[in-house]
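Accompanying notes for the structure given below.
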Ligand SMILES: Nc1ncnc2c1ncn2[C@@H]1O[C@H](COP(=O)(O)OP(=O)(O)OP(=O)(O)O)[C@@H](O)[C@H]1O
Ligand SMILES: [Mg+2]
């Protein structure tokens with residue numbers, strides 16, 4: 001798939017932009033703080049209906065536009081896929097009730113749709129320098145990565161995740177109530193059931209995806225690391241999934257010691273173990289007023305052979321693993337949807353050494369559409385530059401460079 005046309009209105013520092021995009025490669029070159037990241041963010045926003053950076057949509061609306069009579073921002077694009085062309089549009093309008101809040105309106109081919117309906121339309125793989133810390137960063141980052149990837153290709157997962165988070169919130173509310181005011185602890189049963197059911201669905205899908213990503217990442221990783229290391233990815237749940245009798249729940253495995261345990265694939269078995277773990281740790285959860293286990297506390301580990309890259313990986317090893325993972329994500333999306341996702345690469349070349357850079361440039365050339373930002377065109381190979389549309393970005397405006 002690719003975007004043929006993109007329009008931005010009051011999105012970040014773009015007051016107004018309308019651009020025809022070619023298939024294959026578009027490069028945005030510009031100094032710092034001109035709008036390179038904002039441009040890619042807008043495209044990602046169309047695919048995920050949320051920004052990878054902003055906590056609230058309000059941040060996306062151009063500052064100057066906020067004083068308008070009817071302040072709004074819009075991202076609009078024409079998406080070309082194998083069977084159909086689709087016009088997708090997200091508009092943010094200021095909420096009538098609160099000055100600092102914006103409402104999201106989605107239209108697909110001119111018809112109003114739910115935000116959820118946007119997922120699965122445009123698929124993108126965004127690769128940014130911050131991803132380089134995926135391996136040694138906090139677990140929340142890895143969960144977010146996995147959720148964002150899955151939500152784009154599996155709307156069922158996305159809905160399950162939303163439901164889970166809602167149950168989790170209500171359950172935590174009850175835990176705090178029991179801690180502060182006491183009451184019938186049997187009330188927990190209902191929420192434990194719900195949490196375990198939804199949680200198992202999420203864990204099982206995440207686990208499946210991790211295994212797929214591992215298979216797809218391994219050959220890339222072998223190529224990048226010179227054929228002698230073997231990348232392994234492991235989903236690490238926050239409770240022991242092998243234990244379901246619930247008598248004395250405790251973490252029987254050490255997360256830091258390879259090889260990590262493998263967990264059941266079957267959602268029913270996960271649900272049973274999760275439920276047992278919830279029961280076993282009920283007293284502690286009430287005491288702390290929160291749910292201490294579940295997919296919201298799980299993690300993913302990266303191993304190079306037997307070495308846990310999180311702990312023992314060199315910076316280079318960690319980066320190689322991330323690059324392999326990102327490129328595996330491209331293949332996973334292609335495999336799942338039958339279409340090539342749009343590649344969005346924000347200034348990542350400068351994070352890589354010459355060999356990995358060359359490899360990534362080859363991948364750009366093979367992409368159906370890639371949008372690449374850089375402060376310095378020399379970061380890209382002549383093969384990528386040749387045939388690419390090159391724009392110079394300055395203060396939220398694009399100007400096509402002379403070729
Ligand atoms: N809501 C907004 N309204 C107007 N301008 C904004 C808004 N949000 C961010 N900006 C500004 O947009 C400018 C461009 O940001 P962007 O992150 O796209 O820069 P960049 O070209 O990627 O720079 P760098 O090379 O440093 O990464 C920044 O100066 C930022 O302050
Ligand atoms: Mg940037």
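Evaluate the range 346-369: report whether one residue or more is in a strand (DSSP E or B) and either in contact with a helix residue (DSSP H, G or I) (Cβ under 7 Å, 6 or more places away or on another chain) or within 16 Å of ligand 1 (Cβ to nearest atom) (or both). Scanning the range 346-369 turns up at least one residue that is in a strand (DSSP E or B) and either in contact with a helix residue (DSSP H, G or I) (Cβ under 7 Å, 6 or more places away or on another chain) or within 16 Å of ligand 1 (Cβ to nearest atom) (or both). From the list 157, 164, the lone residue that is closer than 23 Å to residue 45 by Cβ, modelled with pLDDT of 95 or more and either in contact with a strand residue (DSSP E or B) (Cβ under 6 Å, 6 or more places away or on another chain) or part of a helix (DSSP H, G or I) (or both) is 157. With respect to residue 6, determine if the residue is away from ligand 2 (no atom under 16 Å from the Cβ), more than 27 Å from residue 96 (Cβ to Cβ) and crowded, with 17+ Cβ neighbours inside 10 Å. Taking the combined requirement at face value, the residue satisfies it. Among the residues of the range 86-134, the one identified as surrounded by fewer than 16 Cβ atoms within 10 Å (Cβ to Cβ), outside the structural domain of residue 374 (by TED's automatic domain parsing) and in contact with a strand residue (DSSP E or B) (Cβ under 8 Å, 6 or more places away or on another chain) is 129. Applying the condition of being part of a helix (DSSP H, G or I) and touching a residue at least 12 places away in the same chain (Cβ under 8 Å) to the range 122-132 and asking which residue is farthest from residue 88 (Cα to Cα) yields 132. Going residue by residue through the range 32-49, is there one that turns out to be within 12 Å of ligand 2 (Cβ to nearest atom), within 19 Å of residue 385 (Cβ to Cβ) and surrounded by fewer than 14 Cβ atoms within 10 Å (Cβ to Cβ)? No: zero hits.
Got at least one residue in the range 35-44 being at negative phi and assigned to a loop (DSSP other than H, G, I, E, B)?
No: the range 35-44 contains no residue that is at negative phi and assigned to a loop (DSSP other than H, G, I, E, B).
Does the range 370-388 hold any residues that are over 24 Å from residue 225 (Cβ atoms) and either assigned by TED's automatic domain parsing to the domain that holds residue 226 or in a loop (DSSP other than H, G, I, E, B) (or both), and which are they? The answer is 375, 376, 386, 387, 388.
Tallying residues that are touching a helix residue (DSSP H, G or I) at 6+ places or on another chain (Cβ under 8 Å), part of a strand (DSSP E or B) and surrounded by 20 or more Cβ atoms within 10 Å (Cβ to Cβ) within the range 9-28 yields 6. The single condition among (1) part of a loop (DSSP other than H, G, I, E, B); (2) free of Cβ contacts under 8 Å to residues at least 24 places away in the same chain; (3) within 16 Å of ligand 1 (Cβ to nearest atom) that residue 52 does not meet is (2). Look at (1) surrounded by fewer than 19 Cβ atoms within 10 Å (Cβ to Cβ); (2) in a helix (DSSP H, G or I); (3) out of contact with any strand residue (DSSP E or B) (no Cβ under 9 Å at 6 or more places or on another chain) and you find that residue 339 fails only one, number (2). The C-beta contact set for the range 31-45 (first residue near ligand 1 (Cβ under 6 Å from one of its atoms), second residue part of a helix (DSSP H, G or I), distance under 9 angstrom, 6+ apart or interchain) comprises 38/60.
The set of residues from the range 69-97 being touching a residue at least 40 places away in the same chain (Cβ under 8 Å) and under 14 Å from residue 9 (Cβ atoms) comprises 71, 72, 73, 74, 75, 76, 77, 90.
Scanning the range 381-403 for residues that are closer than 19 Å to residue 43 by Cβ and in contact with a helix residue (DSSP H, G or I) (Cβ under 6 Å, 6 or more places away or on another chain) yields 384, 393.
The values are calculated or read from the model by the stated rules, or taken from the named source; none is laboratory data. Please read all numbers here as calculations on a predicted model, not as lab measurements. We place every Cβ from the backbone using ideal geometry, glycine too, and count neighbours over all the protein chains shown.
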